[in-house]
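Colleague: For reference, the structure I am asking about is given below.
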């Protein structure tokens, strides 16, 4: 629940073996002595070398080949300018005609007796804490319909390619 409300704290040491963390950041070893009035806070003079040592030590724990990144986020059917223009033209026509796709939770027939769901409950964690998110109809329903129109059209265009 806190991740949803406040975001996620990125752990800069995620994936680093605990033994390496203990070796470089642990409490063992020769204690540093500071002059009167100094705290010892700051960056050590050999900080660059230490970073290189840590990287070299971690290298033995990396056993996977790199993963190829897709060249494009668009499905193959929309990669050409012509197909993307066709997609946009058809989508604008669907929006002009106010077509509401079914099967994606945006049509009135799918809402049941309670009507449009103006509150979404997001459950998180094992305890099942709930975050109630207001979804005012006037704001969210038109957006949901546009999303559903685009998704439905993209799926149909992709299926036509196969």
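The values are calculated or read from the model by the stated rules, or taken from the named source; none is laboratory data. As the structure is a prediction and not an experimental result, all values here were calculated from the model. Ideal geometry is used to build each Cβ from the backbone, glycine not excepted, and the neighbour counts take in all protein chains shown.
Colleague: Just to check your reading of the model, which residue among 91, 153, 131 is more than 18 Å from residue 78 (Cβ to Cβ) and surrounded by 10 or more Cβ atoms within 10 Å (Cβ to Cβ)?
Modeller: Going through 91, 153, 131 in turn, the sole match is 131.
Colleague: Still on this structure, I have one more. Assigned to a loop (DSSP other than H, G, I, E, B), at pLDDT 90 or above and surrounded by fewer than 13 Cβ atoms within 10 Å (Cβ to Cβ), is that true of residue 98?
Modeller: yes
Colleague: Here's another thing I want to ask about it. Looking at (1) at pLDDT 65 or above; (2) within 30 Å of residue 142 (Cα to Cα), find the lone condition where residue 28 falls short.
Modeller: (2)
Colleague: Can you tell which of 140, 147 is at pLDDT 90 or above and surrounded by 13 or more Cβ atoms within 10 Å (Cβ to Cβ)?
Modeller: Result: 147 is the single residue among 140, 147 that is at pLDDT 90 or above and surrounded by 13 or more Cβ atoms within 10 Å (Cβ to Cβ).
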